[in-house]
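**Q** Input: one structure, supplied below.
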Amino acid sequence: MKRRKHRVLEIINLTPETFILRLDRQDFQFEPGQYVVIRIPDEQKGREYSIFSSTTDNYLDFLIREIPSGEFSRYLRHLEPGSELDVEGPKGYFILNEKTKLGHPTLLIASGTGISPFHSYVKSYPDLNYRVLHGVHFADEAYGREAFKPERYFLCTSRHEKGDYFGRVTSCLKENPVQKDTICYLCGNSDMIEEVTAILEKYGLPPENIRTEVFF
Ligand SMILES: Cc1cc2nc3c(=O)[nH]c(=O)nc-3n(C[C@H](O)[C@H](O)[C@H](O)COP(=O)(O)OP(=O)(O)OC[C@H]3O[C@@H](n4cnc5c(N)ncnc54)[C@H](O)[C@@H]3O)c2cc1C
């Protein structure tokens, strides 16, 4: 697997917890939905991060939540422009299938920074026939919302009423049935993915229409 050095261009702070790590792209090629392993140069320590930017951007963006007790995300947040990181990849198969690319109805369901691969999908393929359900705690966590068509993006906020829906994505899905032939992509924490998968199965979606990427 290719491992190459990339330079930090910028750290863009979005909220007190979340930031974008922007690296130079060089000639790095990927499919939207893939991730890389970022490592501290000459160290083994590394973590996986989905690519947030599109295939047409001339930089590589990663949307990262700083975990207060987590050593790696904290290290990344405090890097200066010009610092070097090792990037291994691209990796993973959470990419769009051909039916989705051809305009089949698609539902993208994310929790928190799990919106990252969907941001890359939609920026790379603007004509997709998609809807997004994004679950967060507060409305200021609608990371990258401007990339999505407003009528296709629904923000579920669980800790206050300033989103489009007050409650978790699971409650929203229980109140709003999903058609069996919809292709669903789920990304985020494992509890959300398990609960949402069970709801979609109850609606009769076959396993091949439920595609998942677990962050933690
Ligand atoms: C395929 C894949 C793609 C990933 N893509 C992203 C991404 O695009 N953005 C991103 O922020 N993270 C992503 N992660 C998670 C990331 O790899 C790290 O786990 C995260 O940055 C925490 O690392 P840490 O060393 O700071 O904390 P650690 O000490 O490793 O983790 C501490 C705890 O933090 C929690 N945690 C981990 N990630 C998150 C998160 N994103 N949001 C809330 N809580 C979390 C978990 O409970 C974890 O056990 C991805 C993971 C995988 C497997």
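**Q** Straight-line reach from Lys99: which aspartates and glutamates fall under 13 Å, measuring Cα to Cα and dropping same-chain residues less than 8 apart?
**A** Of all the aspartates and glutamates, those that pass the test against Lys99 - Cα under 13 Å, at least 8 places apart if same chain - are Asp127, Asp181, Glu208.
**Q** Expressed as a fraction of 2.2 N^0.38 Å, the rule-of-thumb size for a compact globular protein of N residues, what is the C-alpha radius of gyration of the stretch 176-216?
**A** Numbers: Rg = 9.7 Å, N = 41, 2.2 N^0.38 = 9.0 Å.
Its radius of gyration relative to the 2.2 N^0.38 Å reference: 1.08.
**Q** Relative to the longest principal axis of the chain, what angle (0 to 90°, nearest 10) does the C-alpha long axis of helix 190-202 take?
**A** 30 degrees
**Q** Okay, next question. Taking Cα pairs under 8 Å and at least six residues apart, what relative contact order does the stretch 72-216 come out at, in percent? It would help to have the intermediate numbers written out before the result.
**A** Details: 220 pairs, mean separation 31.7, N = 145.
Dividing the mean separation by the residue count of the stretch 72-216 yields 22 percent.
**Q** Apply 1/(1 + (r/R0)^6) to the Cβ-Cβ distance of His160 and Phe216, taking R0 = 30 Å, and write down the FRET efficiency to the nearest 0.05. Before the final figure, lay out each step's value.
**A** Numbers: r = 24 Å, r/R0 = 0.80.
Here the calculated transfer efficiency is 0.80.
**Q** Right, something else. Which distance in nm do the two modelled labels at Ser69 and Arg7 give, with both placed 7 Å along the Cα-to-Cβ direction?
**A** 3.8 nm
**Q** May I ask you to list the aspartates and glutamates whose Cα is less than 17 Å away from that of Lys5, ignoring any residue fewer than eight positions away on the same chain?
**A** Within the straight-line cut-off, Lys5 pairs with Asp24, Asp27, Asp42, Glu43, Glu48, Asp61, Glu80, Glu84, Asp86, Glu88.
**Q** Just tell me which lysines come within less than 18 Å, Cα to Cα, of Lys101; anything on the same chain fewer than 8 places away is out.
**A** Output for Lys101: Lys123, Lys149.
**Q** Could I ask something else about it? How about the stretch 105-162: which chymotrypsin sites (Phe, Trp or Tyr not before Pro) there are in a DSSP loop, with at most 16 other Cβ atoms within 10 Å of their Cβ?
**A** Sites meeting the loop and neighbour criteria: Phe138.
**Q** Suppose we look only past 26 Å in the calculated P(r) of the stretch 98-214. What percent of the Cα-Cα pairs does that tail hold?
**A** Cα-Cα pairs of the stretch 98-214 separated by over 26 Å account for 10 percent.
**Q** Please give the direction-averaged projected area of the C-alpha convex hull for the stretch 3-91, in square nanometres with one decimal.
**A** 5.4 nm²
**Q** Considering every pair of different Cα atoms, what Kirkwood radius, in Å, is found for the chain?
**A** By the Kirkwood definition, the hydrodynamic radius is 17.7 Å.
**Q** Just how far, in whole angstrom, is the stretch 180-194 from the stretch 13-75 if you go by their alpha carbon centroids?
**A** Each part's Cα centre sits 22 Å from the other's.
**Q** A follow-up question, please. Write out the GluC sites (Glu not before Pro) in the stretch 107-187 meeting two conditions: DSSP loop, and at most 13 other Cβ atoms within 10 Å of their Cβ.
**A** Glu161
**Q** Can you give the longest run of the chain that contains no trypsin sites (Lys or Arg not before Pro) sitting in a DSSP loop with at most 11 other Cβ atoms inside 10 Å?
**A** Of all site-free stretches, the longest is 46-179.
Just so you know, all these numbers are worked out from the coordinates, no wet-lab data involved. As the structure is a computational prediction, the values presented were derived from the model and not from experiment. Counting neighbours? That spans all protein chains shown, and the Cβs are built from the backbone with ideal geometry, glycine included.
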